[in-house]
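> Quick one: the structure is below, questions incoming.
The values are calculated or read from the model by the stated rules, or taken from the named source; none is laboratory data. Predicted model, so just to flag it, every value in this text is computed and none were measured. We place every Cβ from the backbone using ideal geometry, glycine too, and count neighbours over all the protein chains shown.
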Amino acid sequence: MDDDPADGHDDSDGDGSILFEYDATLDPADDAVPEVLRAGDIEVLGAMPWSSNNTFLVQVTCGAEHLPAIYKPERGERPLWDFPDGLWKREVATSVLSDHLGVGLVPPTVTRGDEDGRGAPAPAGRGSLQAFVPARFAEHYFTLRDRDDLADTFRTLAAFDLVANSADRKSGHCLIDGRDRIWAIDNGLTLHREFKVRTVIWDFAGEAVPDPMLRALDDMLSRPLPAELAELLDPFERDALRDRAAGVLAAGRLPHDPTGRRVPWPLV
């Protein structure tokens, strides 16, 4: 398209919604998705409504494969006083961390348009590209938290958010797809060197962290961080990540929030 999406072009209809029918040859969980995201051609479909930064729904095509995705260019970010520019890097880093720990909580997310040659060009320059999850969007953490079959997943997500230092885990950032798989999205406010956790997932405070998560943290601490993750963080952030992982592993249980204030706003 000729218009630069970061300059405000919008293919949505008059009420701010995007006219969109999900069309994909791949599921977000398919192994081929990251490479399609890295190499595919991007067509901007429209701007996502209610986003604090410029966020675009796009269609990505690579050969015979295609899927929708969420594109967050750095040029569309609004400066924050407590986070450095480049929130898109944290989106990618959180996905890499999820994969490294083997928890599979974050949809595949890759770098596009980086000056260092990571990722093919993107419409508005460098940023993150994340597989779009065809979720049941009326559902979110508050509507799902009492389901016994999801309890261990939410305990794992609570522990993951402590390690990733998630400062914005709203209820609506927890999606459930047609296979009842939970996905954690909107991860730009993560991995800061200072402890900034704000989350709605406090229901499991005092309960044990699931054993697979503890084993994954122990394994993570026994070796260097993967290069892709290390390159996205500064040295202080890398050290803080390992310190948080060690803290969660040592405690073995999910913490309480004694202040009652470590929640994001709005909650959903």
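> Name the residue, out of Pro212, Pro224, Pro235, that is in contact with a Ser or Thr (Cβ under 8 Å, 6 or more places away or on another chain) and surrounded by fewer than 16 Cβ atoms within 10 Å (Cβ to Cβ).
Of Pro212, Pro224, Pro235, the one residue that is in contact with a Ser or Thr (Cβ under 8 Å, 6 or more places away or on another chain) and surrounded by fewer than 16 Cβ atoms within 10 Å (Cβ to Cβ) is Pro212.
> Taking the condition of a type in the set (D, E, K, R), under 28 Å from Arg223 (Cβ atoms) and touching a Leu at 6+ places or on another chain (Cβ under 9 Å), does Lys72 pass?
Judged against the criteria, Lys72 is not a match.
> Moving on. Assuming Pro258 fulfils every condition listed in (1) more than 22 Å from the chain's Cα centre (by Cα); (2) without any contact (Cβ under 8 Å) to a residue 12 or more places away in the chain; (3) not in a loop (DSSP other than H, G, I, E, B) apart from one, which condition is it?
(3)
> Identify the residue in region 70-90 that is touching a helix residue (DSSP H, G or I) at 6+ places or on another chain (Cβ under 6 Å) and not in a loop (DSSP other than H, G, I, E, B) and, among all such residues, is surrounded by the most Cβ atoms within 10 Å (Cβ to Cβ).
Trp88
> In addition: So, in region 144-170, how many residues would count as being touching a helix residue (DSSP H, G or I) at 6+ places or on another chain (Cβ under 8 Å) and among the β-branched types (Val, Ile, Thr)?
2
> Whether any residue in region 181-195 is farther than 23 Å from Asp23 by Cβ, within 15 Å of the chain's Cα centre (by Cα) and assigned to a strand (DSSP E or B) is what I want to check.
The answer is yes, given that some residue of region 181-195 is farther than 23 Å from Asp23 by Cβ, within 15 Å of the chain's Cα centre (by Cα) and assigned to a strand (DSSP E or B).
> Just to be sure before I move on: is Asp211 closer than 26 Å to Ala250 by Cβ and over 15 Å from the mean Cα position of the chain (by Cα) in the structure I sent?
Answer is yes for this residue.
Yes/no per residue for (1) in contact with a strand residue (DSSP E or B) (Cβ under 6 Å, 6 or more places away or on another chain); (2) in a helix (DSSP H, G or I); (3) on the phi < 0 side of the Ramachandran plot; (4) crowded, with 17+ Cβ neighbours inside 10 Å:
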{"site": "Tyr22", "(1), (2), (3), (4)": "no, no, yes, no"}
{"site": "Thr25", "(1), (2), (3), (4)": "yes, no, yes, no"}
{"site": "Asp30", "(1), (2), (3), (4)": "no, no, yes, no"}
{"site": "Arg38", "(1), (2), (3), (4)": "yes, yes, yes, yes"}
{"site": "Ile42", "(1), (2), (3), (4)": "yes, no, yes, yes"}
{"site": "Gly46", "(1), (2), (3), (4)": "yes, no, no, yes"}
{"site": "Ser52", "(1), (2), (3), (4)": "no, no, yes, no"}
{"site": "Leu57", "(1), (2), (3), (4)": "yes, no, yes, yes"}
{"site": "Thr61", "(1), (2), (3), (4)": "yes, no, yes, no"}
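> Restricting to region 187-196, and then to whatever is in contact with a helix residue (DSSP H, G or I) (Cβ under 6 Å, 6 or more places away or on another chain) and crowded, with 21+ Cβ neighbours inside 10 Å, can you tell me which residue is nearest to Gly104 (Cα to Cα)?
Asn187
> Looking at (1) over 17 Å from the mean Cα position of the chain (by Cα); (2) of a type in the set (Lys, Arg); (3) not in a loop (DSSP other than H, G, I, E, B), find the lone condition where Arg118 falls short.
Looking at each condition in turn, Arg118 falls short on (3).
> I'd like to verify a number: residues in region 127-177 that are in contact with a Phe, Trp or Tyr (Cβ under 7 Å, 6 or more places away or on another chain), free of Cβ contacts under 8 Å to residues at least 60 places away in the same chain, more than 20 Å from Leu254 (Cβ to Cβ) and assigned to a loop (DSSP other than H, G, I, E, B), how many?
Going through region 127-177 one residue at a time, the tally reaches 0.
> Assuming Pro107 fulfils every condition listed in (1) touching a strand residue (DSSP E or B) at 6+ places or on another chain (Cβ under 8 Å); (2) farther than 18 Å from Leu233 by Cα; (3) surrounded by fewer than 22 Cβ atoms within 10 Å (Cβ to Cβ); (4) not small (Gly, Ala, Ser) apart from one, which condition is it?
In the conditions (1) touching a strand residue (DSSP E or B) at 6+ places or on another chain (Cβ under 8 Å); (2) farther than 18 Å from Leu233 by Cα; (3) surrounded by fewer than 22 Cβ atoms within 10 Å (Cβ to Cβ); (4) not small (Gly, Ala, Ser), Pro107 misses (3) alone.
> I'm checking my understanding of the structure. Among residues of region 235-255 that are out of contact with any Asp or Glu (no Cβ under 6 Å at 6 or more places or on another chain) and part of a loop (DSSP other than H, G, I, E, B), which one is farthest from Arg215 (Cα to Cα)?
In this case the residue turns out to be Pro255.
> Let me ask you something else. Scan region 6-19 and tell me whether some residue there is hydrophobic (A, V, I, L, M, F, W, C), over 17 Å from the mean Cα position of the chain (by Cα), more than 27 Å from Ser166 (Cα to Cα) and at pLDDT 95 or above.
No, because not a single residue in region 6-19 is hydrophobic (A, V, I, L, M, F, W, C), over 17 Å from the mean Cα position of the chain (by Cα), more than 27 Å from Ser166 (Cα to Cα) and at pLDDT 95 or above.
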